[in-house]
1. If a residue has to be of a type outside the set (Val, Ile, Thr) and in a loop (DSSP other than H, G, I, E, B) to count, how many in segment 368-422 make the cut?
2. Would you tally the residues in segment 342-361 being outside any strand (DSSP E or B) and touching a residue at least 40 places away in the same chain (Cβ under 8 Å)?
3. Quick one: residue 365 ticks every box in (1) in contact (Cβ under 8 Å) with a residue 40 or more places away in the chain; (2) part of a helix (DSSP H, G or I) bar one, so which box is it?
4. Being within 26 Å of residue 228 (Cα to Cα), at pLDDT 90 or above and away from the ligand (no atom under 16 Å from the Cβ), is that true of even one residue in segment 61-75?
5. Quick check on my filter: what residues within segment 201-220 are within 26 Å of residue 117 (Cβ to Cβ) and part of a loop (DSSP other than H, G, I, E, B)?
6. Filtering segment 327-341 down to residues that are outside any loop (DSSP other than H, G, I, E, B) and surrounded by 13 or more Cβ atoms within 10 Å (Cβ to Cβ), which residue is nearest to the ligand (Cβ to nearest atom)?
7. Show me the strands (runs of 3 or more DSSP E) found entirely inside segment 1-81 where at least 3 residues are of a type in the set (Val, Ile, Thr) and surrounded by 18 or more Cβ atoms within 10 Å (Cβ to Cβ).
8. Tell me, yes or no, whether segment 45-53 has at least one residue that is without any contact (Cβ under 8 Å) to a residue 24 or more places away in the chain and of a type outside the set (A, V, I, L, M).
Amino acid sequence: MDAPPHVLILPFPAQGHVKPMLTLAELLCHAGLHVTFINTDHNHHNLRRSSSAPRPHRLRFASIPGVHRPNITDLFFSVMDNFKPKFRDLVVSMGGPPPTCIIADGIMAVGAVEVGEERGIPVICFRTQSACSAWTYLHLTKLIEDGEIPFSGETMDLPITSIPGLENLFRRRDLPSICRIGDLQNPIFQFFVTQTSAMTRASALILHTFQNLEAPIIAKLGAIFPTIYPIGPLHALLKAQITDHPAPSDSGSLIPQDRSCLTWLDSQPSRSVVYVSFGSLVKLTRGQFLEFLYGLVNGGKPFLWVVRSDLVLEEDRVDETPEELMVATRERGCLVDWAPQEEVLAHWAVGGFLTHSGWNSTVESILAGVPMICWPQIADQQVNSRCASELWRIGVDMKDTCDRSTVEKMVRDLMEDKREEIMKSTAEISRMARDSVEKGGSSHSALEKLIEDIKSMKF
Ligand code: UDP
């Protein structure tokens, strides 16, 4: 009898990548495939500490030591320098028949594709982002050729014309944050150029989106990738498919979740609460932290804010919060270290999400039908916030400012003045997201096709 298909899944070692890729791993195991999920030692330890989820018996973990770095910039350098030889060693040391395929993060493509080519193992890239972002990163070189990057502070509002399908939508300030680096030889900028280019050598592309959200850009990506699987929202696919033992929402969390905020939400009026989270990486100066706090308090709505222990920059961590602000926060707010975000967004008391526009947060908010106030900072977040506000009309974009009066205005716009209009498109897109994961829906079908293609390894 043939051995069952065995897939190696290789995420970039950060929260926003580990979570969707682990969810995909669970879905593949549920379909009878064997999966080895490759973590760094550090993330493996954190996953075990933070997540109570029972794992499918076909899911194994392997770890690559020595790649972890405490800050994200150093992590990119570490992946560039250390990852490929260690990944090759791991594949060789596994013994037995070679894996059926590698599903590699799109920003781990260089090492994964090269090791895959050396050893004759097909590689599928999973860019854990929107189609619009993947398409934008694929145009970095074109943006340079056309003189649209680098740009300066004065030209931030000029339109972008060199990304087909997204003209008339993006300004320079809406490009991924690496486009703000003036020096195009900068190693981080070059990291993304090289990883994106290597990604085009993969056999196929997986995207964490759904067909109806981004059909025109998915079609354009089809000119580069003959096979594309849009399989988002993954957490909803998992829930829809595994009904007998639903995965807890901390399944891919690298930080322990504080569930006490769910009890606080139970005591709030329906759709009244602004949920605030800037994801796992974004940091604030103390000044920005105070502007947000004033803006939220003055906005007049109850708020639940995820204040990670490292949210405020270390050099700024002196406690000088004015007393009147502390009192107002205690009256109206709830602060937690890390929340069960999917459950928070699905809670009936939550009416809006002040977010950094990380892609997982965006997809989770779309699914829950919660409109957003977007404050993007790094990576693809600028792209996501522009799409949320101007393309999908499911939020407002406060890009590049966070003074207290703007925060207050955005809260009032989202929760009152512009709510009716924004809620129409939010409810419509949420319905499309939910439909996509049902049997016969586009994401459900794309996942089935991915599983069949892996079983037969035809692309
Ligand atoms: N998240 C969470 N609890 C929190 C904040 C975030 O579980 O208090 C999860 C969230 O549900 C999402 C992920 O962390 O799946 C963050 O990913 P995203 O792409 O939004 O942002 P990143 O952390 O990569 O900047």
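1. Taking segment 368-422 first, the residues of a type outside the set (Val, Ile, Thr) are 368-369, 371-372, 374-377, 379-382, 384-393, 395, 397-400, 402-405, 408-410, 412-421.
Retained after the next criterion (residues that are in a loop (DSSP other than H, G, I, E, B)): 369, 371, 375-377, 379-380, 392-393, 398-400, 402-403, 418.
Result for segment 368-422: 15.
2. 12
3. (1)
4. Within segment 61-75 (the criterion being within 26 Å of residue 228 (Cα to Cα), at pLDDT 90 or above and away from the ligand (no atom under 16 Å from the Cβ)), the answer is no, since none of the residues qualifies.
5. 201, 202, 203, 208
6. Result: 341.
7. Counting at least 3 such residues, we get 34-40.
8. Within segment 45-53, one or more residues are without any contact (Cβ under 8 Å) to a residue 24 or more places away in the chain and of a type outside the set (A, V, I, L, M).
The values are calculated or read from the model by the stated rules, or taken from the named source; none is laboratory data. The structure displayed is predicted, hence computed values, not measured ones. Using ideal geometry, Cβ is built from the backbone for each residue, glycine included, and neighbour counts are taken over all protein chains shown.
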